[in-house]
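Structure first, then comments.
The values are calculated or read from the model by the stated rules, or taken from the named source; none is laboratory data. Quick caveat, the model's predicted, so the values are computed rather than measured. Note that we place each Cβ from the backbone using ideal geometry, even for glycine, and neighbour counts take in every protein chain shown.
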Amino acid sequence: MSIWIDTSTRVLVQGITGHAGLFHTRRCLDYGTKIVAGVTPRKGGETVHGCIPIFNTVAEACAKTHPDASMILVPAASATDAILEAIDAKIPLVICITEHIPTQDMTRIRQTLRYSQTQLIGANCPGIIAPGKCKIGIIPQEICLEGSIGVVSRSGTLMFEAIEQLTQGGLGQSTCVGIGGDPITGTSYPEVLEAFENDPQTKGIVLIGEIGGDAEERAADYIRKNIRKPIVGFIAGHHAPKGKRMGHAGAIISGHTGTAASKIQALQASGVKMATYLSDIGDVIRQTFKR
Amino acid sequence: MNLHEYQAKELLQSFHLPIPLGVCLEDNKASTLQQALQVFKHHAKVAVKAQIHAGGRGKGCLKENGLPGVQLVPLAQVPEAVASMFQKTLVTKQTGPEGKRIHKVYLMECVAVQQEFYCSILLDRTQQLPILVASPQGGCDIEEHPEYILTIPIDSLLGLQTFQARRIAEWFQLKEAAFSECITFLLHLYHAFVACDASMIEINPLVLTKDQHLLPLNAKIQLDDNARFRHPEWDKLEDLHEKDPQELKAASLQLHNYIALDGNIACLSNGAGLCMATIDLMHHLGGKIANFLDIGDSASEEQIEAALHLIFNHSYVKGVFINLFGGTLACDQVAKKLLQVLPNVSRVVPVVVRFKGNRAQEGKSLLDQKQNHLPIFVMEDTEQAIKTLLQKT
């Protein structure tokens with residue numbers, strides 16, 4: 001069993017006719033993901049990739065095709081609206097790949113989610129993949145292998161690195177979840193860790209973090225109280241200059257919180273085995289999980 | 001994007017907040033100054049304030065003459081104080097030793113102050129909501145008196161409520177008219193925060209004047225760059241002097257995640273996480289990064305080309321590391337651009353390339369065919385790649 005998605009997950013794509021929408025819909029279809037519909041305003045009635053029907057609204061797509069999940073690949077200026085439309089249509093799982101959503105919009109989306117039935121992953125994330133079963137997002141499927149390690153990461157590219165090092169070491173993955181690098185996200189580490197802890201297929205967990213905010217410190221707290229499965233961790237940004245914005249709006253070091261050192265210390269205190277450098281992740285993973 | 005004090009105050013004024021009388025001087029011409037002095041002709045003293053994007057100006061020091069970045073002077077001495085600042089370099093604890101050059105000077109009325117408060121609205125990552133932070137001990141070092149700091153989370157769907165603003169007015173122990181003034185002030189301030197897509201508004205100090213009115217003596221506003229698409233008016237607020245020239249050039253090429261550092265090896269990646277992890281490993285292996293350039297995972301051909309030109313054109317760059325893990329970005333597209341750009345750069349330096357993910361194999365094949373006459377080295381492993389690059393430089 002994987003977490004949140006499997007071979008039966010029916011997927012809607014919002015922004016299916018854009019450049020990224022078309023490309024990633026194709027890649028997901030190639031992987032075997034059940035993409036049942038797309039939404040692009042004013043293009044309802046057309047189809048893409050030969051067989052996928054396009055609707056003008058999410059409500060219409062839901063009434064006709066009953067998706068369990070939505071992948072959002074619309075431009076930043078319409079992404080907030082697309083997320084709210086998916087929440088309004090009561091889609092259980094929404095994955096927003098789009099980056100650069102205004103942060104105040106995300107605070108309003110977070111509040112809306114509290115009163116909804118939707119789990120939002122992202123925004124600004126690479127999505128989710130259950131190797132061998134289903135992929136929703138932009139994770140390069142070639143590097144994935146079905147297995148028993150759960151991966152959760154704020155950074156997309158670093159998650160790809162971790163997955164590849166796992167696969168090269170012969171360790172497959174149960175599910176990989178990119179939660180996104182923004183200061184405010186729909187899903188944080190604890191929700192994913194809880195799902196991995198309860199998933200029989202997942203035997204071990206890899207947690208990738210980066211400087212800024214206190215998400216990793218809170219994850220460490222959650223791990224200490226709730227997680228029994230072994231975890232390997234990695235934090236990027238030891239040498240980031242203070243106060244500079246390192247790409248992700250979230251990765252701002254302020255004062256003494258949010259530094260790589262404080263995150264590593266918190267995770268180690270919760271029993272997480274830390275890899276210090278990018279190229280060590282594979283070794284630490286093998287030492288921890290191949291027993 | 002950061003605003004200057006004078007811009008922040010103009011913005012607050014447009015949301016019906018009271019501000020002190022003030023004039024911003026954009027140049028040091030006699031006519032400009034004369035006009036400005038007219039505004040203050042009934043004031044005995046004027047505050048002359050350097051406009052830079054950094055705090056600690058009052059305690060800061062001008063490199064050229066040792067004077068502070070905020071000077072309270074009699075009206076007659078304003079021209080002298082203004083002259084002491086224009087085009088000078090101000091060093092404060094936030095600017096670093098190199099300091100910041102002053103291109104604008106703000107003149108402000110001096111107000112008789114009874115008490116100084118602190119208040120700010122910012123986004124709290126832990127609660128994932130805007131928060132209002134207030135302290136009756138305004139001025140410097142408010143964080144040294146945590147027992148005075150009151151923090152109120154704001155429901156982003158409902159906005160700041162009157163009872164919340166009232167709690168702050170109580171916390172400040174204000175009386176009568178000033179009490180109501182404070183509530184109105186905070187409600188307007190929150191309105192400004194939302195309407196401007198600010199990520200932070202800080203009023204320090206917010207003062208109670210001797211005649212019992214509230215006035216923001218200083219204001220700092222940070223705007224959320226992600227919201228720029230719905231704020232065309234921000235273009236004219238940007239102060240180009242405040243940016244690193246290389247970062248500015250990168251931004252003009254639509255490369256918004258470029259940061260200049262002080263090493264000699266340029267690093268180009270397609271994700272912030274990978275870029276940071278590469279810098280960490282580079283430091284560990286004894287190298288120093290010249291810049292951080294995250295081109296993102298959906299860079300266009302033009303952006304890739306611009307990125308390559310940008311990193312090769314620095315005379316201090318001795319080597320280049322291209323470390324990509326393509327999700328949407330096609331590695332062969334970058335390879336093609338690299339083969340086009342490299343023969344045309346002014347100084348050819350060794351380039352180590354590591355391609356993973358989307359079309360990595362195609363990218364590597366392209367480079368393998370051509371690399372014999374260009375110093376391009378294709379590597380599989382990040383650590384090996386960095387070691388190779390350090391040997392070649």
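Yes/no matrix, rows are residues, columns are (1) among the charged types (D, E, K, R); (2) closer than 21 Å to A:ASP68 by Cα:
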| residue | (1), (2) |
| --- | --- |
| A:THR118 | no, yes |
| A:ILE136 | no, yes |
| A:ILE139 | no, yes |
| A:VAL151 | no, no |
| A:GLY156 | no, no |
| A:GLU161 | yes, no |
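The rows are residues; the columns are (1) modelled with pLDDT of 90 or more; (2) within 32 Å of the chain's Cα centre (by Cα); (3) more than 22 Å from B:GLY296 (Cα to Cα).
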position: B:HIS314; (1), (2), (3): no, yes, no
position: B:GLY327; (1), (2), (3): no, yes, no
position: B:VAL334; (1), (2), (3): yes, yes, no
position: B:VAL353; (1), (2), (3): yes, yes, no
position: B:GLY363; (1), (2), (3): yes, no, no
position: B:GLN384; (1), (2), (3): yes, no, yes
position: B:LEU389; (1), (2), (3): yes, no, yes
position: B:THR393; (1), (2), (3): no, no, yes
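Taken over the stretch B:57-72, the criterion of being of a type in the set (Asp, Glu) and in contact (Cβ under 8 Å) with a residue 40 or more places away in the chain is satisfied by no residue. All conditions in (1) more than 14 Å from every other protein chain (Cβ to nearest Cβ); (2) free of Cβ contacts under 8 Å to residues at least 12 places away in the same chain hold for B:MET108, with the sole exception of (2). The set of residues in the stretch B:324-351 being outside any helix (DSSP H, G or I) and within 14 Å of chain A (Cβ to nearest Cβ) consists of B:LEU324, B:PHE325, B:GLY326, B:GLY327, B:THR328, B:LEU329, B:ALA330. Of everything in the stretch B:167-198, what is of a type outside the set (Asp, Glu) and more than 32 Å from the chain's Cα centre (by Cα)? Give them in sequence order. Within the stretch B:167-198, B:GLN173, B:LEU174, B:LYS175, B:ALA177, B:ALA178, B:PHE179, B:SER180 meet the criteria.
Please enumerate the residues belonging to the stretch B:284-323 that are outside any strand (DSSP E or B) and aliphatic (A, V, I, L, M). Before you say what the answer is, go through the steps one by one.
First pass over the stretch B:284-323, keeping only residues outside any strand (DSSP E or B): B:284-288, B:295-318.
Those that are outside any strand (DSSP E or B) and aliphatic (A, V, I, L, M): B:LEU285, B:ILE295, B:ALA299, B:ILE304, B:ALA306, B:ALA307, B:LEU308, B:LEU310, B:ILE311, B:VAL317.
Scan B:ALA50, B:ALA54, B:ALA44, B:ALA83 and give me the residue that is within 30 Å of B:THR151 (Cα to Cα) and in contact (Cβ under 8 Å) with a residue 40 or more places away in the chain. Can you show your working first?
Working: B:ALA50 fails: within 30 Å of B:THR151 (Cα to Cα); B:ALA44 fails: within 30 Å of B:THR151 (Cα to Cα); B:ALA83 fails: within 30 Å of B:THR151 (Cα to Cα).
On inspection, the qualifying residue turns out to be B:ALA54.
Among A:LYS64, A:LYS90, which is the only one that is loosely packed, with under 15 Cβ neighbours inside 10 Å and part of a loop (DSSP other than H, G, I, E, B)?
Working: A:LYS64 fails: part of a loop (DSSP other than H, G, I, E, B).
Only one candidate qualifies: A:LYS90.
One residue stands out among those in the stretch A:124-149 that are out of contact with any Pro (no Cβ under 6 Å at 6 or more places or on another chain) and of a type in the set (D, E, K, R): the one that is surrounded by the fewest Cβ atoms within 10 Å (Cβ to Cβ), which is A:GLU142. Here B:ALA251 meets the list (1) modelled with pLDDT under 90; (2) at the interface with chain A (Cβ under 10 Å from one of its Cβ atoms) almost entirely, failing just condition (2).
Can B:GLY60 be described as over 17 Å from B:ASP239 (Cβ atoms), under 26 Å from the mean Cα position of the chain (by Cα) and surrounded by 14 or more Cβ atoms within 10 Å (Cβ to Cβ)? So B:GLY60 passes the test. Only residues that are within 14 Å of B:CYS119 (Cα to Cα) and within 14 Å of another protein chain (Cβ to nearest Cβ) were counted in the stretch B:161-191, giving 1. Please work out if B:ILE279 is modelled with pLDDT of 85 or more, buried (at least 24 other Cβ atoms within 10 Å of the Cβ), within 12 Å of chain A (Cβ to nearest Cβ) and out of contact with any helix residue (DSSP H, G or I) (no Cβ under 8 Å at 6 or more places or on another chain). Here the answer is yes, as B:ILE279 does meet what is asked. Exactly one residue out of A:THR202, A:THR187, A:THR167 is within 19 Å of A:THR103 (Cα to Cα) and more than 10 Å from chain B (Cβ to nearest Cβ), and it is A:THR187.
Of the residues making up the stretch B:377-387, at least one is buried (at least 23 other Cβ atoms within 10 Å of the Cβ), within 14 Å of chain A (Cβ to nearest Cβ) and in contact with a Gly (Cβ under 8 Å, 6 or more places away or on another chain).
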